[in-house]
Amino acid sequence: MNNASFHVLSLIPKDRLLVGNPMIPEWMKIAYWDDVNPLLGDQLSKFQAVLGGGTPIPYEVLSATSLEMIQLVSAGYDRIDREAVVEKGLVVCNNPGANAPAVAEHMLMMLLYFARRAGEAQAMVYNGQFSNARMDLMGPRLRNLSEMTIGIIGLGAIGQCFAELVRPFGSKILYYSRTRNASVEEKLGLLYSELDAIVQVADAVAVALPLTEQSYQLFDARLFALMKPTAILINVGRGGVVDHQALANALVTKQIYAAGLDVFDPEPLPPDHPLLLVDDEVRQRMLLSPHLAGLTQCAWATMIQNAIDNLVRHAIDQRPQHVLSFVNESTTTTHQIV
Ligand SMILES: NC(=O)C1=CN([C@@H]2O[C@H](COP(=O)(O)OP(=O)(O)OC[C@H]3O[C@@H](n4cnc5c(N)ncnc54)[C@H](OP(=O)(O)O)[C@@H]3O)[C@@H](O)[C@H]2O)C=CC1
Ligand SMILES: O=C(O)C(=O)CO
């Protein structure tokens with residue numbers, strides 16, 4: 001620590017950082033980044049750490065002479081400029097798990113919404129088709145979760161929380177993830193399978209993958225062609241994991257039934273994005289949220305507190321938690337996620 005003070009530049013605005021009253025020690029001096037009047041050159045030289053969110057960290061900030069550490073409030077770290085942090089020898093920490101229960105609840109909300117055809121049902125009520133709706137909406141798309149096979153893609157913190165939430169409903173749960181997890185399989189009664197095999201049988205495919213070179217547009221036209229016409233796709237990982245044009249085509253042609261999306265590529269969605277150009281009938285089979293799944297009051301408070309705690313650890317020369325290694329894993333930074 002420099003002169004008994006530890007200087008942090010926060011890319012999280014003050015009114016958001018102080019929500020939930022995180023315990024910030026007096027010796028931790030926090031300044032707030034302002035896009036309109038950005039700090040430059042020497043003004044950056046005192047900062048030992050940056051507290052970041054989902055936005056890219058400006059290169060001049062990464063070049064600040066005293067900078068040692070980047071602490072993210074988020075679990076995702078796909079916006080980090082890997083080359084720059086390796087070149088500057090910076091410690092980078094993410095914040096996995098803090099918002100996983102909130103994201104899993106959001107996934108459950110989306111799953112139930114489509115299992116009960118809520119978008120179409122409400123549209124029919126508003127359109128004066130109340131009686132028709134009852135007969136028209138019955139069939140293989142109106143389901144109890146107990147009669148559904150759910151495929152979870154990415155069995156990390158979020159995937160596991162989601163499995164725990166779904167399990168009591170009695171669904172059959174399959175999963176695919178980079179590393180097979182026998183103890184979670186046993187504890188939650190999950191069945192491991194390959195990705196192609198899962199998408200062919202699943203009534204709902206729930207994706208909670210990080211965006212990496214391996215996962216970029218993993219969900220493409222080929223996978224959608226394998227899915228059932230009654231299938232639901234849910235994506236909370238990162239938008240770049242799904243080819244959005246192929247998804248829009250699959251929804252329009254009814255190759256798949258529905259899609260619940262919290263994340264997009266790019267964010268925010270431009271008005272001419274293929275997912276926004278679909279007609280009302282298709283919109284009733286889509287549920288879009290603006291990257292909100294992990295931002296509940298309690299999740300955000302935990303995210304901020306964990307991030308501050310980790311900055312403190314680093315400042316007092318304890319090893320921080322969740323230090324990322326960029327040596328063995330490739331994470332793409334070429335796609336825009338805010
Ligand atoms: N919408 C939102 O608000 C939020 C979105 N997220 C996003 O969700 C992602 C996942 O979060 P979280 O569950 O906390 O992260 P975790 O790191 O706990 O889990 C990610 C899982 O995905 C697996 N995985 C990674 N790459 C692949 C691949 N190419 N194929 C198959 N499996 C793979 C990992 O395997 P392994 O065990 O081998 O590492 C791990 O099990 C985050 O990276 C972030 O992008 C996170 C929080 C909030
Ligand atoms: O934690 C993350 O990665 C998020 O996307 C939070 O919004």
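The values are calculated or read from the model by the stated rules, or taken from the named source; none is laboratory data. These figures come from a predicted structure and were not determined experimentally. We place every Cβ from the backbone using ideal geometry, glycine too, and count neighbours over all the protein chains shown.
Tell me which residues, restricted to the range 160-190, are of a type in the set (Gly, Ala, Ser) and buried (at least 21 other Cβ atoms within 10 Å of the Cβ).
Of everything in the range 160-190, those that are of a type in the set (Gly, Ala, Ser) and buried (at least 21 other Cβ atoms within 10 Å of the Cβ) turn out to be Ala163, Ser171.
Which one of these does Ile308 not meet: (1) crowded, with 16+ Cβ neighbours inside 10 Å; (2) outside any helix (DSSP H, G or I)?
(2)
Looking only at residues in the range 76-94 that are away from ligand 2 (no atom under 13 Å from the Cβ) and assigned to a loop (DSSP other than H, G, I, E, B), which one is farthest from Gly154 (Cα to Cα)?
Ranking the qualifying residues of the range 76-94, first place goes to Gly89.
Residues to consider are Ala123, Ala163, Ala157; find the one that is among the small types (Gly, Ala, Ser), closer than 20 Å to Ala259 by Cα and within 21 Å of the chain's Cα centre (by Cα). Full working, then the answer.
Working: Ala123 fails: within 21 Å of the chain's Cα centre (by Cα); Ala157 fails: closer than 20 Å to Ala259 by Cα.
It is Ala163.
Taking the range 165-195 only, how many residues are within 13 Å of ligand 1 (Cβ to nearest atom) and of a type outside the set (Lys, Arg)?
Counting residues in the range 165-195 that are within 13 Å of ligand 1 (Cβ to nearest atom) and of a type outside the set (Lys, Arg) gives 14.
Ala104: surrounded by 19 or more Cβ atoms within 10 Å (Cβ to Cβ) and closer than 28 Å to Leu287 by Cβ, yes or no?
Yes.
For the range 59-75, what are the residues that are assigned to a helix (DSSP H, G or I) and of a type in the set (A, V, I, L, M)?
Val61, Leu62
If you scan the range 18-35, which residues turn out to be of a type in the set (A, V, I, L, M, F, W, C) and at pLDDT 90 or above?
Those that are of a type in the set (A, V, I, L, M, F, W, C) and at pLDDT 90 or above: Ile24, Trp27, Met28, Ile30, Ala31, Trp33.
Mind checking which pairs have a first residue in the range 170-181 that is among the aromatic types (Phe, Trp, Tyr) and a second that is within 16 Å of ligand 2 (Cβ to nearest atom), Cβ under 9 Å, 6 or more apart or different chains?
Tyr175/Gly154; Tyr175/Gly159; Tyr176/Gly154
So the check is Cβ under 8 Å with 6+ separation or different chains; which pairs have a first residue in the range 113-134 that's at pLDDT 95 or above and a second one that's surrounded by fewer than 16 Cβ atoms within 10 Å (Cβ to Cβ) and among the acidic types (Asp, Glu)?
Sorted first by the residue in the range 113-134, then by its partner, the pairs are Ala123/Asp280; Met124/Asp136; Gln129/Asp136.
Is it the case that the range 140-152 has a residue that's more than 16 Å from ligand 2 (Cβ to nearest atom), closer than 30 Å to Ser325 by Cα and not assigned by TED's automatic domain parsing to the domain that holds Ile304?
Keep residues of the range 140-152 that are more than 16 Å from ligand 2 (Cβ to nearest atom), which gives 140-152.
Still in the running and closer than 30 Å to Ser325 by Cα: 151-152.
Now restrict to residues that are not assigned by TED's automatic domain parsing to the domain that holds Ile304: 151-152.
Yes: the range 140-152 contains one or more residues that are more than 16 Å from ligand 2 (Cβ to nearest atom), closer than 30 Å to Ser325 by Cα and not assigned by TED's automatic domain parsing to the domain that holds Ile304.
Looking at the range 269-283, is at least one residue under 13 Å from the mean Cα position of the chain (by Cα), within 16 Å of ligand 2 (Cβ to nearest atom) and either modelled with pLDDT of 95 or more or closer than 19 Å to Met107 by Cα (or both)?
The first filter runs over the range 269-283 and keeps only residues under 13 Å from the mean Cα position of the chain (by Cα), leaving none.
Looking for residues that are under 13 Å from the mean Cα position of the chain (by Cα), within 16 Å of ligand 2 (Cβ to nearest atom) and either modelled with pLDDT of 95 or more or closer than 19 Å to Met107 by Cα (or both), one finds none in the range 269-283, hence no.
Quick one: how many residues across the range 58-76 are of a type outside the set (S, T, N, Q) and either modelled with pLDDT under 95 or farther than 24 Å from Thr302 by Cβ (or both)? Break it down stepwise before answering.
Step one: of the range 58-76, the residues of a type outside the set (S, T, N, Q) are 58-62, 64, 67-70, 72-73, 75-76.
Remaining after also requiring either modelled with pLDDT under 95 or farther than 24 Å from Thr302 by Cβ (or both): 58-62, 64, 67-68.
The qualifying residues number 8.
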